[in-house]
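Right, one structure below, let's go through it.
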Amino acid sequence: MTLLSNHLHHLQHLRVTISGILQVLQELDRRGSMSQLQNVLDTHRKVVEDGFTRNSDLRYRKYAVTTLRGGVGKSTLSFNMAFELALEHKLLAADLCAQGNLTETLLDETRPDVDVISALRPRLLGPAFGEAPKDIAFRIAQYCGSFKRAKEAYAIPGSAEMFAFPSQLYQQLQLAHSQQNSTAVASLLNSLKTIVSEQADLYQTEVTLMDTSPFYSGGTHLAWCASEALIIPVRVDEHSIDSLELTLDMLTNPAKDFQMWNERAGGQSTPRVAAIVMTMVGAKSRIQSTPDRASQMFISRAIDIANKYSEVFDGDDPSDSIVITDDFMSSGRISGAQSIPISELKVGKFHTVEGRRLQVNASASRYQRELRYLTSML
């Protein structure tokens with residue numbers, strides 16, 4: 001009995017020791033996340049108060065703005081990022097979203113005779129669907145006056161027919177896979193990459209920015225294959241945080257669709273995550289230039305998720321890739337509706353949007369600094 005009691009005592013002590021170690025590790029992890037959050041907040045404060053930017057060249061040539069949830073400000077962000085990038089680099093923008101919001105903002109309400117589906121469909125379905133046009137890009141400055149002061153910038157228009165595109169794409173992928181033709185699978189997956197590369201070469205652009213739909217299938221899948229890095233907008237709410245984890249899991253999990261098809265293609269590269277952009281962050285805080293407590297909670301959770309998928313981030317600390325942008329409010333509505341980049345809005349000026357008279361308030365200068373910082377870190 002004494003021997004048994006000793007064993008029981010030893011096991012009980014061991015459980016206490018393991019429990020203590022786990023508590024210490026959890027506390028260290030919590031402190032690490034808090035430290036990362038504080039670094040993100042400190043950087044944001046420098047951006048807002050001092051106009052801090054990162055002095056670095058573009059890390060990649062092809063970016064996709066992507067998230068698996070709608071209503072997070074993705075198209076407004078894409079439009080403004082396109083303008084900021086075009087101030088420094090010759091730009092190619094491509095609209096892969098069937099809703100075509102970026103196309104409308106960049107090219108007014110022009111209905112182009114060629115678009116992204118004109119180039120994609122012949123590559124996927126063969127010559128019976130015509131010959132792929134060699135030139136499908138339009139010079140943005142001809143339609144959006146703000147871009148006249150930027151470097152040369154071109155846009156590949158989106159198409160509502162992208163709604164039906166996923167079924168066509170996966171039908172062809174399944175056919176190629178059933179024939180054990182990994183070369184054909186790779187060619188299909190890289191069809192968009194080939195198209196944007198050809199247009200970039202044609203117009204000698206330096207950087208490509210692709211706007212995607214909130215659905216993974218079809219154009220978004222091909223945009224991931226075509227891009228070198230992703231920019232992921234995340235609204236400060238529960239569903240967007242869930243979507244961030246879903247996006248990163250889809251990007252990295254060998255059992256999920258993206259990596260599964262990469263493997264079937266004989267091995268394809270995975271894009272990095274260049275930035276997680278926290279959007280519509282609340283600024284009502286007692287501390288100047290600091291997000292409110294609710295927003296901080298969601299930012300902290302985004303940091304925890306980023307740490308979980310650290311292998312797709314550059315550098316040792318994924319939180320370095322997290323950028324805070326405020327709720328753009330009336331400035332964002334004016335920007336999207338009237339095709340005026342936020343950087344071009346004049347504080348105090350009135351604009352009419354959907355019959356309502358909106359004024360650009362002083363916070364626009366804050367948004368302009370946030371957008372400049374986001375672009376500088378790419």
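Report the calculated FRET efficiency for GLN204 and GLN174 (r = Cβ-Cβ distance, R0 = 45 Å), to the nearest 0.05.
Details: r = 37 Å, r/R0 = 0.83.
Here the calculated transfer efficiency is 0.75.
Quickly work out the THR194-to-SER182 label distance, labels modelled 7 Å from Cα along the C-beta direction, and quote it in nm with one decimal.
Here the modelled spin labels are 1.9 nm apart.
Just the number, please: carbon plus sulfur as a percent of the accessible area of the chain, 1.4 Å probe, no ligands or DNA/RNA counted. Mind showing how you got there, number by number?
Numbers: 8970 of 18020 Å².
It is 50 percent, rounded to a whole number.
Assuming R0 = 45 Å, can you tell me the calculated FRET efficiency for the pair ALA255 and GLN142, based on Cβ-Cβ distance, to the nearest 0.05? Don't skip to the answer; put the middle values down first.
Values: r = 46 Å, r/R0 = 1.03.
Between ALA255 and GLN142 the formula returns 0.45.
Under the rule of -39500 (n - 2.57) per DSSP H run of 4 or more residues, summed and divided by the residues of the chain, what mean residue ellipticity at 222 nm is obtained, to the nearest 500 deg cm²/dmol? Could you put the intermediate results ahead of the total?
Working: 13 runs with 184 residues, N = 378.
Computed ellipticity for the chain at 222 nm equals -15500 deg cm²/dmol.
Can you list residues whose amide H is under 5 Å from VAL234's amide H, if they're 5+ apart or on another chain and H is modeled 1.01 Å from N?
The list, which skips near neighbours in sequence, is VAL277, MET278, THR279.
In debye, nearest 20, what is the charge dipole magnitude of the chain about its Cα centre with +1 on Lys and Arg Cβ and -1 on Asp and Glu Cβ, if you could check? Present the calculation step by step, with values, prior to reporting the outcome.
Numbers: 38 positive and 42 negative charges, 136 e Å.
Taking the Cα centre of the chain as origin, the dipole is about 660 debye.
What full-extension length gain, to one decimal in nm, is calculated for SER167 and ASN39 as 0.36 nm per residue of separation minus the Cα-Cα distance? Can you show the working numbers first?
Working: separation 128, 0.36 × 128 = 46.08 nm, distance 4.42 nm.
So the extension gain works out to 41.7 nm.
First measure r as the distance between the Cβ atoms of MET329 and PHE52, then evaluate 1/(1 + (r/R0)^6) with R0 = 25 Å and state the FRET efficiency to the nearest 0.05. Let's see the in-between values first.
Numbers: r = 23 Å, r/R0 = 0.92.
That gives a FRET efficiency of 0.65.
With every protein chain left in place, what is the accessible area per residue of the range 76-185 in square angstrom, probe 1.4 Å?
Values: 5140 Å² over 110 residues.
I get 47 Å² per residue for the range 76-185.
Can you flag which of LYS90/LYS349; LYS62/LYS134; LYS151/LYS346; LYS90/LYS256; LYS148/LYS346 are past 24 Å Cα-Cα?
Numbers: LYS90/LYS349 30 Å; LYS62/LYS134 20 Å; LYS151/LYS346 21 Å; LYS90/LYS256 35 Å; LYS148/LYS346 17 Å.
The pairs that break the limit, which is 24 Å between Cα atoms, are LYS90/LYS349; LYS90/LYS256.
Apply the membrane-span-like helix rule to the chain: whole DSSP H runs, Cα extent along the own long axis of at least 27 Å, mean Kyte-Doolittle hydropathy at least -0.5. List the helices found. Don't jump to the answer; show the numbers that get you there.
Values: long enough: 2-50 (71 Å, -0.33).
Helices meeting the criterion: 2-50.
Express the accessible area of the range 239-378 per residue in Å², computed with a 1.4 Å probe while the remaining protein chains stay in the model.
Values: 6200 Å² over 140 residues.
Value for the range 239-378: 44 Å² per residue.
With each pseudo-label sitting 7 Å past Cα toward Cβ, what's the ARG356-GLU238 distance in nm, one decimal?
2.6
Scan around ARG272 for amide H atoms under 5 Å from its own, H built in the peptide plane at 1.01 Å from N, and keep only partners 5 or more places away or cross-chain.
Correct list: ALA229, LEU230.
Please report, to one decimal in angstroms, the Kirkwood hydrodynamic radius of the range 185-297 built from all distinct Cα-Cα pairs.
Working: mean 1/r = 0.0624 Å⁻¹.
In the range 185-297 this quantity evaluates to 16.0 Å.
Please report the equivalent ellipsoid semi-axes of the chain, computed as sqrt(5 x eigenvalue) of the Cα gyration tensor, largest first, in whole Å. Display every interim value, and only then the final one.
On the way: eigenvalues 308, 191, 51 Å².
After scaling each eigenvalue by five and taking roots: 39, 31, 16 Å.
Extension gain ASP135-GLU311, at 0.36 nm per residue separation less the Cα-Cα distance, in nm?
Working: separation 176, 0.36 × 176 = 63.36 nm, distance 3.72 nm.
Length difference between fully extended and current span is 59.6 nm.
Could you give the dipole magnitude of the range 33-112 about its Cα centre, charging the beta-carbon of Lys and Arg +1 and that of Asp and Glu -1, in debye to the nearest 20?
Numbers: 10 positive and 10 negative charges, 73 e Å.
Taking the Cα centre of the range 33-112 as origin, the dipole is about 340 debye.
At 7 Å along Cα-to-Cβ for each site, give me the label-to-label distance between ARG372 and GLN338 in nm.
2.2
The values are calculated or read from the model by the stated rules, or taken from the named source; none is laboratory data. On a predicted model such as this, the values are computed, not experimentally measured, just so you know. Note that we place each Cβ from the backbone using ideal geometry, even for glycine, and neighbour counts take in every protein chain shown. The area values use the complete protein model at the heavy-atom level, side chains included, leaving out ligands, DNA and RNA. Shrake-Rupley method; radii C 1.70, N 1.55, O 1.52, S 1.80 Å.
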